[in-house]
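Heads up: the structure comes next, in structure tokens.
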Amino acid sequence: MTVTFRVVAPEEYPAYGRACALGFGESPTSAEQHARWYALDPERVFAGFDGDDIVATCRNYGLELTVPGGAILPAAGVSAVTVRATHRRRGLLRTMMVDLLDDAVAHDEPVAMLTASEGSIYERFGFGISTRHQVIELRRHDVEFARPPPPGRLRILDADEAAKVEPALFDRVRRVYPGAVNRPDAWWSDEQYDSRFGSRVDVAFESPDGVVDGYACYGVHEGFDPAVGSANRLTVRDLVAATPDALHGLWRYLCEVDLVGTIMDPGAPVDLPLPWLLATNRAMRVKGVPDAVWTRILDVPATLGARRYAAADRLTIAVTDTFRPGGPAEGTFTLDGGPDGAAVTEGGEPELAGDVSALSAAWLGGVRFSTLAAAGLVEERTAGALRRADQLFASEPQPFPFTWF
């Protein structure tokens with residue numbers, strides 16, 4: 001039978017949620033826990049119907065992405081992309097990606113972004129890994145901090161106060177942090193915490209003048225080691241700090257919680273300074289550095305022209321876009337950029353060349369052009385252009401999304 005794609009009606013959300021859960025290998029009841037997400041941008045919730053059955057799902061969220069320099073771009077948050085196993089290899093994924101990217105353009109979003117359940121799918125559609133995160137682990141008895149605690153105060157938040165304090169502090173930080181993704185109201189109730197992490201605790205760090213400059217949300221799973229007794233596991237679910245002191249104070253607190261044997265953060269920034277806060281940096285072990293957010297540039301002048309750059313330079317890049325040929329993400333573009341802003345014009349003699357997926361990976365500064373060139377994804381046509389591109393696109397700090405969606 002022919003699969004027909006259309007917007008999902010509200011009364012079809014339960015079936016849509018069950019189809020998503022099936023596609024991600026989750027319990028059907030998990031869809032009920034995220035019902036508020038379906039109400040966001042309802043005109044952007046799509047499904048493929050085989051008769052009355054939903055056999056493919058996808059959607060866009062209207063989100064925001066902070067780029068280096070502090071500009072905030074509207075971005076399509078691609079999510080819930082599934083194809084039922086009974087309908088594989090019929091071109092349904094390609095159809096959905098065409099529709100989703102067209103939908104983003106129709107909403108004047110110059111970039112799309114997603115978090116990928118599988119890492120081999122999205123490069124063919126022009127996406128590149130723009131941000132990564134670290135999975136880190138510390139054994140509490142190995143941890144010793146090299147310096148005294150920072151000035152300030154730590155205090156535990158109850159649920160009501162956390163609901164007021166944390167969104168405000170996050171919004172303060174995400175507006176200046178490169179790569180940060182905003183959080184709809186539904187995110188705070190549905191996504192920030194999961195009971196699988198154990199009992200929930202929220203702690204805030206206040207500066208000496210009483211301003212909340214950071215918070216951590218974490219869970220503790222009970223554990224027992226016959227040799228040492230209690231060996232609970234603390235898992236960081238969300239940690240946001242506006243100052244170095246807040247970051248230091250929160251991590252010091254997390255590493256000093258009684259009866260905890262192991263502290264884990266499955267989503268820490270790749271340039272987290274924690275090892276250098278410790279007397280022995282080997283006490284923090286990196287268990288992995290997976291991809292976080294993939295972005296897909298849909299409009300080169302709009303995206304590259306929005307950010308600020310680490311150096312002042314002019315660079316011309318030839319970009320191919322085989323998935324959306326002839327669009328504003330394909331062509332030759334000359335970037336005049338610097339710390340005060342940028343302008344992008346079409347034309348010029350290319351100094352670098354590559355696919356839009358490579359530019360999408362590099363444009364936030366999360367990976368160097370020279371690294372992509374070493375992998376055969378970028379071609380240097382003018383000597384020294386890679387070095388200049390690395391300097392131009394560098395980001396401090398490294399881009400980090402904070403938000404999963």
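The values are calculated or read from the model by the stated rules, or taken from the named source; none is laboratory data. Because the structure is a prediction, the values reported are computed rather than measured. Note that we place each Cβ from the backbone using ideal geometry, even for glycine, and neighbour counts take in every protein chain shown. We work out accessible area using only protein heavy atoms, side chains counted, and drop any ligands, DNA or RNA first. Shrake-Rupley method; radii C 1.70, N 1.55, O 1.52, S 1.80 Å.
Placing dummy labels 7 Å off each Cα toward the beta-carbon, the span from Trp404 to Ser195 is 1.8 nm. How large is the helix-only mean residue ellipticity at 222 nm for the chain, computed as the sum of -39500 (n - 2.57) over DSSP H runs with n ≥ 4, divided by its residue count, in deg cm²/dmol to the nearest 500? Result for the chain: -6500 deg cm²/dmol, rounded to the nearest 500.
Using a probe radius of 1.4 Å on heavy atoms only, what accessible surface per residue do you get for the chain? Whole Å² is fine.
On the way: 18210 Å² over 405 residues.
Spelled out: the 1.4 Å probe surface of the chain, per residue, equals 45 Å².
Looking at the square roots a ≥ b ≥ c of the eigenvalues of the Cα gyration tensor of the range 280-405, which shape do they give, rounded for a/c under 1.5, prolate if a/b is larger than b/c, or oblate? It is prolate, given that a/c is not under 1.5 and a/b is the larger ratio.
I need the shape label for the range 204-362. Rule: rounded when a/c is under 1.5, else prolate if a/b > b/c, else oblate, with a, b, c from the alpha carbon gyration tensor. Can you show the working numbers first?
On the way: a/c = 3.36, a/b = 2.29, b/c = 1.47.
Prolate is the answer for the range 204-362, as a/c is 1.5 or above and a/b outweighs b/c.
In percent, how large is the relative contact order of the chain, given Cα pairs closer than 8 Å and 6 or more residues apart? Show your work: numbers first, answer last.
Details: 901 pairs, mean separation 74.5, N = 405.
Across the chain, relative contact order equals 18 percent.
Two decimals is fine: what is log10 I(q)/I(0) at q = 0.09, 0.10, 0.20, 0.22 Å⁻¹ for the range 52-198, from a Debye sum with one equal scatterer on every Cα and no solvent? Computed log10 I(q)/I(0) values: -0.44, -0.54, -1.39, -1.48. Largest GNM mean-square fluctuation across Val181, Val81, Val211, computed for the chain with C-alpha springs under 10 Å, falls on Val211.
Could you give the size of the charge dipole of the chain about its Cα centre, using +1 on the Cβ of each K and R and -1 on the Cβ of each D and E, expressed in debye and rounded to the nearest 20? Display every interim value, and only then the final one.
Working: 39 positive and 56 negative charges, 179 e Å.
The calculation lands at about 860 debye.
Compare the Cα positions of Val3, Leu259, Thr316 along the charge dipole of the chain (+1 at Cβ of Lys, Arg; -1 at Cβ of Asp, Glu; about the Cα centre) and return the one farthest towards the positive end. So the residue we want is Leu259. When the range 254-405 is described by a simple charge dipole with +1 on each Lys and Arg Cβ and -1 on each Asp and Glu Cβ, the residue from Val293, Leu272, Phe393 located farthest towards its positive end is Leu272.
Solvent-accessible area assigned to carbon and sulfur over the chain amounts to 51 percent, based on a 1.4 Å probe. Legend: translational diffusion of the range 294-356 by Stokes-Einstein, Rh = Kirkwood radius over C-alpha pairs, 25 °C, 0.890 mPa s; D = 208 µm²/s. Residue by residue, the range 103-115 carries 3J(HN,Hα) couplings of 5, 4, 4, 5, 9, 6, 9, x, 8, 10, 8, 7, 10 Hz when phi is fed to the Karplus relation 6.51 cos²θ - 1.76 cosθ + 1.60 (θ = phi - 60°); x denotes Gly or Pro. Specify whether the C-alpha gyration tensor of the range 235-284 places it in the rounded, prolate or oblate class, a ≥ b ≥ c being the square roots of the eigenvalues: rounded for a/c under 1.5, otherwise prolate if a/b is larger than b/c and oblate if not. Here the range 235-284 falls in the rounded category.
Of the peptides 65-75, 340-350, the ranking by mean beta-carbon count within 10 Å, highest at the top, reads 65-75, 340-350.
Once the Cβ-Cβ distance of Asp336 and Arg285 is raised to the sixth power relative to R0 = 41 Å, the FRET efficiency obtained is 0.40.
What does the highest-first list of 354-362, 86-94, 380-388 look like by mean Cβ count within 10 Å? List each step's numbers first, then the result.
Values: 354-362: 26.0, 86-94: 13.3, 380-388: 15.0.
Put in order of decreasing packing, that is 354-362, 380-388, 86-94.
Label zone of Thr4 (point 7 Å out along Cα→Cβ, amide N under 16 Å): in the range 39-77 this covers 46-56.
When the chain is fully extended, how far beyond the present Cα-Cα distance does Phe24 get from Glu144, taking 0.36 nm per residue of separation?
On the way: separation 120, 0.36 × 120 = 43.20 nm, distance 4.04 nm.
Fully extending the segment from Phe24 to Glu144 adds 39.2 nm.
Distance between the 7 Å Cα→Cβ label points at Ala159 and Ala106: 3.9 nm.
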